[in-house]
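I have placed the structure first, in the form of structure tokens, so that the comments after it can refer back to it.
The numbers here are math on the coordinates, done by the rules we state, and not lab data. Everything quoted here is computed from the prediction, not taken from an experiment. Using ideal geometry, Cβ is built from the backbone for each residue, glycine included, and neighbour counts are taken over all protein chains shown.
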Amino acid sequence: MAQPSPSSTPTAGPPASELDPLRDAAANAGRWVGAAVQSGLLAGEPEYADTVARHFNYVTAEWEMKMDPIARVQGQYDFAGADAIVAFAEAHGMKVKGHALLWHGATPAWVGDLAPAEARRVAEAYIRTVVSRYRGRVAAWDVVNEAVAEDGSGLRDTVFLRKLGPDYVAEAFRLARGADPQALLIYNDYGGEGSGVKSDRIYELVRDLRARRVPIDGVGLQMHIEAGGYPQPDEMAANVRRLVELGLVVNVSEMDVRIRNVPGTQSARLDAQRRTYRDVVAACIAQPRCHAVTFWGFTDRYSWVDGFFGPDDPLLFDEAYRAKPAFFGVQDALLGR
């Protein structure tokens, strides 16, 4: 379980429990609005669980549906955390996105010790087992996560590329489709939200998959960004359009907005954060095939950002579950204001 952030930035906003549900605004826009969640907090912190249930109609497991927690011990599967998240979602009328079937950053160490033929057998069995378990209960899967190299030069050098070869991305999508013909199958990555070399390489990857009739349905744009920074809304809109023209849906998949390096007062930083959230969500709403926006958490009390970048306040609610200006920026975008 994540620990509370060392930073503390209370706001004057109302408590989450007193706000109009964000999921209602999303339904008005015909969109899914989601958050990454943790099963331990859903079970152990009522205010956390109540806020998720009130404001979101879509959830992603922040950690517990990745390969490492599910298959940490070779030959064994542990679905406890994933099952708990899916059950919570079903009890509250929410859709689920599985995240992520293949990601080098959450692969058990023992996979790297396998011979290529055995690694292929294990990967194939893993995808079939996990996707089949949640068939009809998980609306979408991030099938492959962050496969493109940081510099956009090609596929990232990972255990999957080394063991399975360059066609592993296509193979993973085919296996996932065989296990669940109805779920949306998504390629997910960061650094490709606007224009640039990596964005172009992601586009080329998914264009090639589509040309080869690989069953890919969409692209997730992670959107871990700084307030007021990259990507610009017009760049994001152009990138979304070209992906949509391939016949894909698009979703903003892991959004958070850092503010610690924004100059000025805390009030100015929070206002810049509000504008950034509003502009990105509005850019999604403007494209009918941008079907969902997911935030990587929702309260500053629990965010991966603090451990990776340093203390920050990147999410919609402060540590006391009070709405920040960012919440209202998202609400305005969903309502077309």
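A compact table of results
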| item | result |
| --- | --- |
| Calculated from backbone phi, Karplus (6.51, -1.76, 1.60) coupling profile of the range 79-96 in Hz, x at Gly/Pro | 9, 4, x, 5, 4, 5, 5, 5, 5, 4, 4, 5, 5, 10, x, 10, 8, 10 |
| Estimated 222 nm signal from helices in the chain, with DSSP H stretches of n ≥ 4 weighted -39500 (n - 2.57), rounded to 500 | -12500 deg cm²/dmol |
| Student exercise, the range 16-334 dipole from Lys, Arg, Asp, Glu Cβ charges, in Debye to nearest 20 | 1000 |
| Residue 335/residue 83 FRET efficiency (R0 51 Å; Cβ-Cβ; nearest 0.05) | 0.90 |
| Max mean-square fluctuation residue, GNM over the chain, Cα-Cα springs under 10 Å, options 32, 110, 141 | 110 |
| Distance between modelled label sites at residue 309 and residue 260, nm, 7 Å Cα→Cβ extension | 0.9 |
| Helix axis angle, 325-334 relative to the chain longest principal axis, alpha carbon, degrees | 70 |
| Label-to-label distance, nm, for residues given as residue 167 and residue 286 (7 Å Cα→Cβ offset) | 4.0 |
| Rg [Å, one decimal], Dmax [Å, integer] - the chain, C-alpha atoms | 19.1, 58 |
| Sequence-separation-based contact order of the chain, relative, with Cα cut under 8 Å and 6+ spacing, percent | 21 |
| Euclidean distance between Cα centres, the range 219-258 to the range 266-320, Å | 13 |
| Virtual spin-label span in nm between residue 197 and residue 76, 7 Å along Cα→Cβ | 4.4 |
| Restricting the range 136-237 to GluC sites (Glu not before Pro) in coil, as DSSP defines it, with at most 11 other Cβ within 10 Å | 150 |
| Using a Förster distance of 22 Å, the FRET efficiency for residue 156-residue 118 (Cβ separation, nearest 0.05) | 0.50 |
